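One structure below.
The values are calculated or read from the model by the stated rules, or taken from the named source; none is laboratory data. Nothing here was measured: the structure is a model prediction, and the numbers come from that model. All Cβ positions, glycine included, derive from the backbone under ideal geometry; neighbour counts span all protein chains shown. Calculation scope for accessible area: heavy atoms of the full protein, side chains included, ligands and nucleic acids excluded. Shrake-Rupley method; radii C 1.70, N 1.55, O 1.52, S 1.80 Å.
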Amino acid sequence: TTQFSMTCNGKQDLVENLLGPVFGRLENGIVAHVHNVIAEGEWVAVQLTGEATTRDGRPYNNTYCHVFRVRHGKIIEATEYFDSELVTSVLAD
């Protein structure tokens with residue numbers, strides 16, 4: 001239920017409506033540290049942490065789990081889990 005919670009359809013929708021607005025609030029993007037990758041069949045789960053600084057100097061360091069569905073070498077579905085309270089307190093308007 002954050003400002004950035006949504007369903008995106010396709011790469012362009014994802015970039016324009018989620019990644020662009022989020023990364024626009026950050027000084028230099030997010031440095032990702034992958035901790036685990038688990039794959040079975042067409043499913044891949046990635047546990048990671050990210051470190052970033054907002055344009056106004058606040059830290060934005062979150063923990064994520066991305067679950068991807070891959071078919072013929074392309075991501076066809078992705079779900080991201082993260083600390084939504086951190087997103088609201090640091091990134092929301």
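So the values come out like this:
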{"quantity": "Fraction of accessible area attributable to carbon and sulfur, the chain (%, probe 1.4 Å)", "calculated": "53"}
{"quantity": "Dipole moment magnitude, nearest 20 debye, the chain about Cα centre, only Lys, Arg, Asp, Glu C-beta charged", "calculated": "220"}
{"quantity": "Cα point-scatterer Debye curve for the chain, base-10 log of I(q)/I(0) at q = 0.15, 0.22, 0.23 Å⁻¹", "calculated": "-0.63, -1.26, -1.33"}
{"quantity": "Under-5 Å amide H pairs with Asp83, H placed in peptide plane, nonlocal only", "calculated": "Thr63"}
{"quantity": "The chain, accessible area per residue, ligands and nucleic acids excluded (1.4 Å, Å²)", "calculated": "69"}
{"quantity": "Charge-dipole axis of the chain as Lys and Arg at +1 and Asp and Glu at -1 on Cβ define it, positive-most pick from Thr54, Ala92, Gly41", "calculated": "Gly41"}
{"quantity": "For Leu26, distant residues with modelled amide H under 5 Å away", "calculated": "Arg55"}
{"quantity": "Restricting the range 1-58 to trypsin sites (Lys or Arg not before Pro) in coil, as DSSP defines it, with at most 14 other Cβ within 10 Å", "calculated": "Arg55"}
{"quantity": "Exposed-site-free run, longest, the chain (rule: GluC sites (Glu not before Pro); DSSP loop; at most 16 other C-beta within 10 Å)", "calculated": "43-93"}
{"quantity": "Residue of Thr54, Thr63, Thr79 that the Gaussian network model of the chain assigns the largest fluctuation, springs spanning Cα pairs under 10 Å", "calculated": "Thr79"}
